[in-house]
Amino acid sequence: MQQLLDAFGINWSLLLAQAVNFAIVLVALRYFLYKPVLTMLENRRALVAKGVEDAKQAQLKLAGADSEVSKRVGAADEEAEHILIAARESANAEKSRLLKDAEARAAAVARDAQARATEASARAKRESEKEIARLAVLAAEKVMRANV
């Protein structure tokens, strides 16, 4: 076997020194490089997992917010409908009141106009009677003057 190793040019002492150096480099790389990289990867994995969990919670909150918004919009629509109905009822009541007031005013104006017309007619009748009486007196006076 020694001949075989000599044939390939392998020196046992050099091979052993290289193995020790390799072991030292392996331990140093493991301590200074491999463990920090693993720690960094674990931290990054935890950060990504936390981000995924936060995204799920945000999605749940968003769904809850959408539900809350739809409830509030429904309540606002219902309240608006009640306000609209109340406004219509108030407008109809005001319209009825104004119509009654207008009808009452129209009736009062009609009564006043009727009273004025009746008064004017009575006044014209009295003046006509006075005029007729005056004309009758004048006619009787003329007839008496003609006879005298």
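Among the residues of segment 6-31, those identified as surrounded by 10 or more Cβ atoms within 10 Å (Cβ to Cβ) and not in a helix (DSSP H, G or I) are Ile10, Asn11. Taking the conditions (1) surrounded by 10 or more Cβ atoms within 10 Å (Cβ to Cβ); (2) assigned to a helix (DSSP H, G or I); (3) not acidic (Asp, Glu) in turn, Gln3 satisfies each one other than (1).
Here the condition is being surrounded by fewer than 10 Cβ atoms within 10 Å (Cβ to Cβ) and not polar (S, T, N, Q); of Arg134, Arg145, it holds for Arg145 alone. For segment 67-88, state whether one or more residues are at pLDDT 95 or above, surrounded by 10 or more Cβ atoms within 10 Å (Cβ to Cβ) and basic (Lys, Arg). Within segment 67-88, one or more residues are at pLDDT 95 or above, surrounded by 10 or more Cβ atoms within 10 Å (Cβ to Cβ) and basic (Lys, Arg).
The values are calculated or read from the model by the stated rules, or taken from the named source; none is laboratory data. This is a predicted model, so every value here is computed, not measured. No Cβ is skipped: glycine too gets one built from the backbone with ideal geometry, and neighbour counts run over all protein chains shown.
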